[in-house]
Amino acid sequence: TITNSTNYGILADNSSWYGGGDVYIDQNTISGTSTAYSRGIYHHTYSGSGDVSITNNTISGFHYGISTSSYYTTGSMTIDQNTISGGTGAYSYGIYHYNYSGSGDVSITNNTISEIYYGVYTYSHSSTGDVIVDQNDIAGISTAHGFGIHYQSNGSGDGSITNNTISEFFNGISTYSY
């Protein structure tokens, strides 16, 4: 259990010029102090080959509940069965994922997200891995702002958004591929 974190609840940097091992972040309870741009869980990989699993965590009071960034990676990423609530600031995110030139698949499934301006945001830049956003329950804080799910890609990987429940957002689902 991590309480009153003002910046990162958990910071995991799995960067390596020669690949990296697998990372498992599982069954943690993390609460923040509502600091702007704070992250409950932040995972960063540069040129890694290991798989990443962020599962069964309870996160509250952060600007980003779960934030991940991957550059030139080959491992897969799984974000599953997390409960995220009470984002801070006008641009708070439940789950934010950025992938640059990676080939690993990303799966964002079975998460419960509430009291957030932006539910799930995923951006794949020049990536070949697939992105799956499935069976998430996402509730915002205002129908005047945000989106439940945003998928953006200019890579060759496929995006799949299925079986999600979304409420209280200006936009339910937005996609942008170019």
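The values are calculated or read from the model by the stated rules, or taken from the named source; none is laboratory data. Remember, it's a predicted structure, so these values are computed and weren't measured experimentally. Please note: Cβ atoms are built from the backbone with ideal geometry, for glycine as well, and neighbour counts cover all protein chains shown. These area figures cover heavy atoms from the full protein model, side chains too; ligands, DNA and RNA do not enter into them. Shrake-Rupley method; radii C 1.70, N 1.55, O 1.52, S 1.80 Å.
Details
- Prolate/oblate/rounded label for the stretch 79-135 (Cα gyration tensor, a/c 1.5): oblate
- Within the accessible area of the chain, the carbon and sulfur atoms contribute 44%, probe 1.4 Å, all protein chains present.
- Solvent exposure of the chain, expressed per residue, is 44 Å² of accessible area, with all protein chains present and a 1.4 angstrom probe.
- Net +/- balance of residues flanking G140 in space, Cβ distance below 14 Å, scoring K and R +1, D and E -1: -3
- Label of the coordinate-derived value, Cα Rg over 2.2 N^0.38 Å, listed as (1) 0.94; (2) 1.22; (3) 1.04: (1)
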